[in-house]
Amino acid sequence: MTFRFAREEDCALILYFIRQLAEYEKLSDQVVADEEMLREWIFEKQKAEVLFVLEGEKEAGFALFFHNFSTFLGRAGIYLEDLFVLPEYRNRGYGKALLIKLAQITKERGCGRLEWSCLDWNRPSIGFYLSLGAQPMEEWTAYRLSGKTLEELASHEPVEV
């Protein structure tokens, strides 16, 4: 088992993993990303990073992550947006290996925490995360603006008081 960070020529592979994850989560209809968007946002604008876990020369899983910031800790953290291991490579420790590697990267970069979200119905993943000592955020609810609602809110002028 080895790891490597994605390179610009991996955009098709990254998109493949994203689509596989979306299919697993029954959210394929929500994927609008394409290779050019990934190239721009991951490699040109450097807004995210992708780490692959490999079995031999073959990418078995991926983690897409980026830095966030904790005002309470006064330093950055790492937010894991996606972690996915291809079905044929599951139950071999690759998911755990990716999280261990991300924890090491978090510490190496001096970040204060590693966090992520998980769909409520995804019991296998929840059990896995709990087995690693991850704690669910009981009193927090994620909120999101996107698409039409984001456009609508962004079209307003800020109110001066």
So, in region 28-161, how many Lys pairs have Cα atoms under 30 Å apart, if the pair is 8 or more places apart or on different chains? 14
Can you pull the one-decimal nm distance between simple spin-label points at residue 16 and residue 90, each 7 Å off the Cα toward Cβ? 1.9
Where labels lie 7 Å past Cα in the beta-carbon direction, separation of residue 23 and residue 149 in nm: 3.0
How high is the FRET efficiency from residue 4 to residue 71, r the C-beta distance, R0 35 Å, rounded to 0.05? 0.60
Rounded to whole Å, give me the distance from the Cα center of region 123-161 to that of region 1-57. 21
Please list the helices of the chain that count as membrane-span-like by this rule: a mean Kyte-Doolittle hydropathy of at least 0.0 together with Cα atoms stretching 15 Å or more along the helix axis, each helix being a complete DSSP H run. 11-24, 94-108
How about region 1-92: which chymotrypsin sites (Phe, Trp or Tyr not before Pro) there are in a DSSP loop, with at most 12 other Cβ atoms within 10 Å of their Cβ? 72
Charges only on Cβ, +1 for Lys and Arg, -1 for Asp and Glu: so what's the dipole of the chain about the Cα centre, in debye to the nearest 20? 840
Candidates per GluC sites (Glu not before Pro) in region 22-80, loop by DSSP, up to 10 other Cβ within 10 Å: 57
Taking neighbour counts of Cβ atoms within 10 Å as a proxy for exposure, in what order, fewest first, do 156, 67 appear? 156, 67
Of all DSSP beta bridges with both partners in the chain, the antiparallel percent, nearest 5, is 90
Take the Cα pairs of region 2-154, get the Kirkwood Rh, then feed it into Stokes-Einstein at 37 °C and 0.692 mPa s and tell me D in µm²/s. 196
What is the order of 71, 106, 2, fewest Cβ neighbours within 10 Å to most? 71, 2, 106
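Any read-out appearing in this document is the output of simple, stated calculations on the displayed coordinates, not a laboratory observation. All values reported here derive from a predicted model rather than from experimental measurement. Note: ideal-geometry Cβ built from the backbone for every residue, glycine included; neighbour counts use all protein chains shown.
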